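J.: I'd like to ask some things about the structure below.
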Amino acid sequence: MSISDLDNRSINTLRFLAADAVQKANSGHPGLPMGAAPMAYVLWTRHLRFDPRDPRWPGRDRFVLSAGHGSMLLYALAHLTGYDLPMEELMRFRQLGSRTPGHPEHDIAAGVETTTGPLGQGFSNAVGMAMAAHHLAAVYNEPEFPLFDHRIYAIVSDGDLMEGVASEAASLAGHLSLGRLIFLYDDNHVSIDGSTDLAFTEDRAARFRAYGWHVQTVEDGNDLEAVDRALGAAQADLRPSIIMVRTVIGYGLPTKQGTEKAHGEPPGEEELEGAKKALGWPLEPRFLVPEDVRAHFEAAGRRGQDFHQSWEDMLGRYRRERPDRAAELERRLRGELPEDVNQMLPTFPADPKGKATRASSGEALNALAKKMPELFGGSADLTTSNQTKLKGEATFTKDTPNGRYVHFGVREHGMGGILSGLALHGGMLPFGGTFLVFSDFMRPAIRLASMMRLRLIYVFSHDSIGLGEDGPTHQPVEHLAALRAIPHLTLIRPADANETAQAWGLAVSRSDGPTALVLTRQAVPTLDRTKFGSAEGLRRGAYVLADLGGKPELILMATGSEVETIVAAGEKLAAAGVRVRLVSFPSWELFEAMPASYRDEVLPPACTRRVAVEAGVRQGWERWLGNDGVFIGLDRFGASAPYQDVYRDRGLTAGHVVEVARRLMADKVPA
């Protein structure tokens, strides 16, 4: 193997920018950048199409550092190739307010496509990006207009491959033959505890072949030409590819290379000096970038500018020759909605029998999907249960990539990460369905999507003990509170069909974070909106359904299926002479965002007698109940029985609400 002097010094620049930053911060992970620098260098200087002047250019290749603990490798690459990430930020690695946090975070450092760190999440994000690329190519490409011919690359680690989420995503990627997906596996045989032989000894190559991937091995990660050839072969294959590159963690460190000591701690001054001597690198200055090395990396960035300009020229021709399709595509890429979204939403007549909100959700989704081609998603093997099927639309498969419905299989973990990747790619508005209780499987992905404020929609049906006979293993109790605890996630639990339609209208219009729609299995009445407040009140999070008897002295509030319970209870109390306000409270987050004046209008501070009803735990309701309020909900798990019996047994009935209200207003309501 031969390597030019410029190549060698360029790679060592990457290594020691990373090591110097970790040492200066006295915190970080030097091992991956020092071992993986050669293959990252080959990818970024010879293959990756990017434009540092426009990091969000739609035609760019995507690069995901799924092994996010090696963040300094990505920061060094971005800095050297011309992204807006100055040297001062590398020197402020892991410091408060810097643009170089300990793990890559979307939209903080230029050149970072997704927030990574929790292992396996970046892996599954990349699969979602590849699904988006395949779909958009199938819908918009023509022979003379290959608008979407880019690839999704990632560096993944032993830890990524150990996590179950990666297994789920890899299995689906192989099934779908996502040939735009190319992973470089940093196969260094070391994890935090020591050798991977402690816990990770399966044949990884055989595993990925079984998934249907194209698998190659590079025995020496410092062999640039071998890495280059492998990338070329991967690009030519129609399957997703993984290149297993044998590397040495902490390459160059005299006593720590190849050991867990190189993984997650600063090298130390003596060890760092030893590495620089061993690799022929000056001891001073720190953060050294030779001028010819900088020019070499910047040239790679400028090559991307040429690709970008060619793509823009092609898009200009597309606008002229396919104006309608171009307008639709560019609207999608901007994340804008069709002008008449609210007119697309169905309305439902009053009906005391009503329907499950999962059913009205399916109707609203399909009404929107007819004019919103960006709606793309599916279910984790619960299509009929979640009511997420897009009627009349093909399924997204390797043979029909223009399809919009995805059968994710029983892969909730993978689905969560894939949805984020679809959203990150651009041009897509993804949705994914499962039971609310299985949001536990998706929580890491939901948390990261919320951190990134992604525009996507979770469809969680079977939202309570109301699902009945399946029993407590499937009946969510603590899940509403758990999801409400996640910043920037908006949870909406609609009370009836019309609130559900409004929830969908709001969800597709949000651009500052994901939305979770929480839906019933059982039928709930469709409220008569000539008697009760307009369902558009949902968009404010909570609203007055009705004041029964005049100025309220008691407030009954509820979410979802329990709204019918407070309506029935309120009517009984009003008949007994109590002035009752009924409040539908579908979304805490939306209500919190309202001006204080509106919140006080709905929940007057002077009216302190309040009862909240929800088929979940109390946690968080204190804010809305105040000191004198009472919560009626659950402090234990459910039971296996017809849902009406479970509700009665757990006290979620109008009669019990009336009893509680009578005790609360003992001086007012006769027994």
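J.: Hey, does the stretch 135-150 have a residue that's open to solvent by less than 40 Å² (accessible area, probe 1.4 Å), touching a strand residue (DSSP E or B) at 6+ places or on another chain (Cβ under 8 Å) and of a type in the set (Gly, Ala, Ser)?
T.: Checked the stretch 135-150: no residue is open to solvent by less than 40 Å² (accessible area, probe 1.4 Å), touching a strand residue (DSSP E or B) at 6+ places or on another chain (Cβ under 8 Å) and of a type in the set (Gly, Ala, Ser).
J.: Next question, about the same structure. Which ranges mark the helices (runs of 4 or more DSSP H) fully within the stretch 330-408 that have 2 or more residues being over 26 Å from residue 166 (Cα atoms) and within 24 Å of the chain's Cα centre (by Cα)? Break it down stepwise before answering.
T.: Working: elements: 341-344, 357-369, 383-386.
Those helices (runs of 4 or more DSSP H) span 357-369.
J.: Here's another thing I want to ask about it. Please state which one of 60, 94 is under 26 Å from the mean Cα position of the chain (by Cα), within 28 Å of residue 223 (Cβ to Cβ) and surrounded by fewer than 22 Cβ atoms within 10 Å (Cβ to Cβ).
T.: Values: 94 fails: within 28 Å of residue 223 (Cβ to Cβ).
When all the criteria are applied, what remains is 60.
J.: Anything in the stretch 557-571 that is open to solvent by 10 Å² or more (accessible area, probe 1.4 Å) and charged (D, E, K, R)? List them, or say none.
T.: As a first pass, look at the stretch 557-571 and keep what is open to solvent by 10 Å² or more (accessible area, probe 1.4 Å): 564-565, 567-568, 571.
Once the filter is applied, which keeps residues that are open to solvent by 10 Å² or more (accessible area, probe 1.4 Å) and charged (D, E, K, R), the stretch 557-571 yields 564, 571.
J.: Mind listing just one residue for me: the one in the stretch 409-436 that is out of contact with any Lys or Arg (no Cβ under 7 Å at 6 or more places or on another chain) and in a loop (DSSP other than H, G, I, E, B) and, of those, farthest from residue 331 (Cα to Cα)?
T.: 410
J.: Moving on. List the pairs whose first member sits in the stretch 374-386 and is in contact (Cβ under 8 Å) with a residue 24 or more places away in the chain and under 21 Å from residue 508 (Cα atoms), whose second member is in a strand (DSSP E or B) and open to solvent by 10 Å² or more (accessible area, probe 1.4 Å), and whose Cβ atoms are under 6 Å apart, counting only residues at least 6 apart or on separate chains?
T.: 378/407
J.: Still on this structure, I have one more. Hey, can you tell me all the residues within the stretch 572-610 that are surrounded by fewer than 22 Cβ atoms within 10 Å (Cβ to Cβ), without any contact (Cβ under 8 Å) to a residue 40 or more places away in the chain and within 16 Å of residue 553 (Cβ to Cβ)?
T.: 574, 575, 579, 605, 606, 608 - these are the residues of the stretch 572-610 that are surrounded by fewer than 22 Cβ atoms within 10 Å (Cβ to Cβ), without any contact (Cβ under 8 Å) to a residue 40 or more places away in the chain and within 16 Å of residue 553 (Cβ to Cβ).
J.: Within the stretch 642-649, can one find any residue that is under 24 Å from residue 576 (Cβ atoms) and open to solvent by 10 Å² or more (accessible area, probe 1.4 Å)? Working first, answer last.
T.: Step one: of the stretch 642-649, the residues under 24 Å from residue 576 (Cβ atoms) are 647-648.
Within this subset, residues satisfying the condition of being open to solvent by 10 Å² or more (accessible area, probe 1.4 Å) are 647-648.
Within the stretch 642-649, one or more residues are under 24 Å from residue 576 (Cβ atoms) and open to solvent by 10 Å² or more (accessible area, probe 1.4 Å).
J.: Another one. With respect to residue 534, is the statement that it is open to solvent by less than 10 Å² (accessible area, probe 1.4 Å) and within 37 Å of the chain's Cα centre (by Cα) true? Talk me through it step by step, then tell me what you get.
T.: Details: open to solvent by less than 10 Å² (accessible area, probe 1.4 Å): no; within 37 Å of the chain's Cα centre (by Cα): yes.
Against the criterion (open to solvent by less than 10 Å² (accessible area, probe 1.4 Å) and within 37 Å of the chain's Cα centre (by Cα)), residue 534 does not qualify.
J.: Can you find, within the stretch 611-638, the residue that is surrounded by the fewest Cβ atoms within 10 Å (Cβ to Cβ) among those that are more than 34 Å from the chain's Cα centre (by Cα) and closer than 16 Å to residue 652 by Cα?
T.: Going through the qualifying residues, I end up with 630.
J.: Taking residue 292 as the residue in question, decide whether it is open to solvent by 30 Å² or more (accessible area, probe 1.4 Å), within 30 Å of residue 90 (Cα to Cα) and at pLDDT below 95.
T.: On the way: open to solvent by 30 Å² or more (accessible area, probe 1.4 Å): yes; within 30 Å of residue 90 (Cα to Cα): yes; at pLDDT below 95: no.
Judged against the criteria, residue 292 is not a match.
The values are calculated or read from the model by the stated rules, or taken from the named source; none is laboratory data. Note that this is a predicted model, so its numbers are computed, not measured. Cβ: placed from backbone, ideal geometry, glycine included. Neighbour counts: every protein chain shown. When the accessible area is computed, the model is the full protein with side chains, heavy atoms only, and any ligands, DNA or RNA have been set aside. Shrake-Rupley method; radii C 1.70, N 1.55, O 1.52, S 1.80 Å.
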